[in-house]
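The values are calculated or read from the model by the stated rules, or taken from the named source; none is laboratory data. All of these numbers come straight from a predicted model, not from anything done at the bench. Here Cβ is always computed from backbone atoms with ideal geometry, including for glycine, and neighbour counts include all displayed protein chains.
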């Protein structure tokens, strides 16, 4: 069961990162498709609360690191 949860979580994270990458490249349809697939997995019966919680943690790491880079860049500009 643990392996299947890790596999599901890995697929969701992979689709989310792929969506972000495609969005940055201007492939908006591909980004939306990947995000829809990730959301479908999250809403499926095979996805439990533990997977959703780990996914939220991964999202916070993914997005907080970007914001930290922006903050750091602003500090360098101000100096």
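List of remarks:
- Contact annotation: no residue pair with Cβ atoms under 6 Å, 6 or more positions apart or on different chains, pairs a residue in the stretch 34-50 that is at positive phi and surrounded by 13 or more Cβ atoms within 10 Å (Cβ to Cβ) with a partner that is assigned to a loop (DSSP other than H, G, I, E, B) and at pLDDT 85 or above.
- Whenever a residue of the stretch 1-25 is on the phi > 0 side of the Ramachandran plot, it has no partner that is exposed (fewer than 11 other Cβ atoms within 10 Å of the Cβ) and at pLDDT 90 or above lying with C-beta atoms less than 7 angstrom away and at least six residues away or across chains.
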